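See structure below.
The values are calculated or read from the model by the stated rules, or taken from the named source; none is laboratory data. For clarity, every value in this text was computed on a predicted model and none was experimentally measured. For neighbour counting, all protein chains shown are included, and Cβ atoms are generated from backbone atoms with ideal geometry for every residue, glycine included. With ligands, DNA and RNA removed, areas are computed over all heavy atoms of the protein, side chains included. Shrake-Rupley method; radii C 1.70, N 1.55, O 1.52, S 1.80 Å.
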Amino acid sequence: MTGNDINTPAHKRDLTRRKVVVAGGAAVAAVGVGGTLAATANAGQSGKGAGASASASSTSAETCYKLTSETTEGPYYIDADKLRTDITEDKEGIPLALRIKVIDAETCKPLKNVAVDIWHCDALGIYSGYEASSTGGGGTAPTDAPSGTPTGEPPSGAPSGGTGGGGVHEEPTDDERYLRGTWKTDRQGFVTFRTIFPGWYRGRCVHIHTKVHVDGEWTDAGYEGGTTCHTGQFFFDEESVLASAEVEPYSTSTTERTTLTEDTIYDQSGTTGGLLKLKYDKNNIAKGVQAFITVGVDPEATNEGTSL
């Protein structure tokens, strides 16, 4: 897909399938922007607003974190069908290396071999899988916000009075799957994805969606079974977003932007709510961004993110 094909956001989800299919061969190893990433993610991740408290410190002497905030899955989820760490495909944008560490929030021990999904829009606010539904002029209001005043007409099937608790599921309209991927954590609980800095669309600040799945089986066919123990979103501070907006193709967007403080999903709790720790050249963000976060989960919980 080229930049000429980009219109405006139209993003739904597929809630039901929990099977990951390996597409097109071996997964690509992620490489940090501008070099190898640090060995640890220096980002404190704390808990759900009403959530469980942190407990004993880890044997590795790292801080023990509370549960990471759960959020809505949003309407644009497609249960992962790409086992890979490089999810960029041909999308233009600022290179982003996203390094995630997944730990048990109670014991602080890293969780190895768990499946981590991420998905997000491209530099102009388009999600793969729903390009045909784009309407131009900034698109319809997203339906992943659980509350607040809608900024446009909801997609067909959405509740008529607002944006809906978790969006309304509709099948994808195309086979595109750029900026979506799944991979497993290593024995230290780390997984790194190579992608681009996301753009924005009406009604939401810049963000990346994520899910963590445990107790499934990695097979030749992919990742099967298991439970979704965490559904969340990662967020970018305003300084980095404003810097990205000066770089093409982000700078060509005429879509109204929602700031971090205006967003109805981000709970304003910093790393607790998914705010990423970022590293980049403040004078030249176009060279690339490194993003880090530690995600504390309850591996015994089920958090699909469809009823928030």
Checklist outcome for this item: Of the listed links K66/K282; K109/K282; K112/K282; K109/K211; K82/K279; K91/K277, those spanning more than 29 angstrom between alpha carbons are K66/K282; K109/K282; K112/K282
Checklist entry - What FRET efficiency would be calculated for the residue pair E92, E262, taking the C-beta separation as r and a Förster radius of 25 Å, to the nearest 0.05? => result 0.40
Item to check | Cβ-derived FRET efficiency at R0 41 Å, D220 paired with A245, nearest 0.05 | outcome: 0.40
Next on the checklist: Can you pull out the trypsin sites (Lys or Arg not before Pro) in the range 201-308 whose DSSP state is coil and whose Cβ has at most 15 other Cβ atoms within 10 Å?
Outcome noted: K282
Next on the checklist: Not counting ligands, DNA or RNA, and with a 1.4 Å probe, what is D298's accessible surface area in Å² rounded to the nearest 10?
Outcome noted: 60 Å²
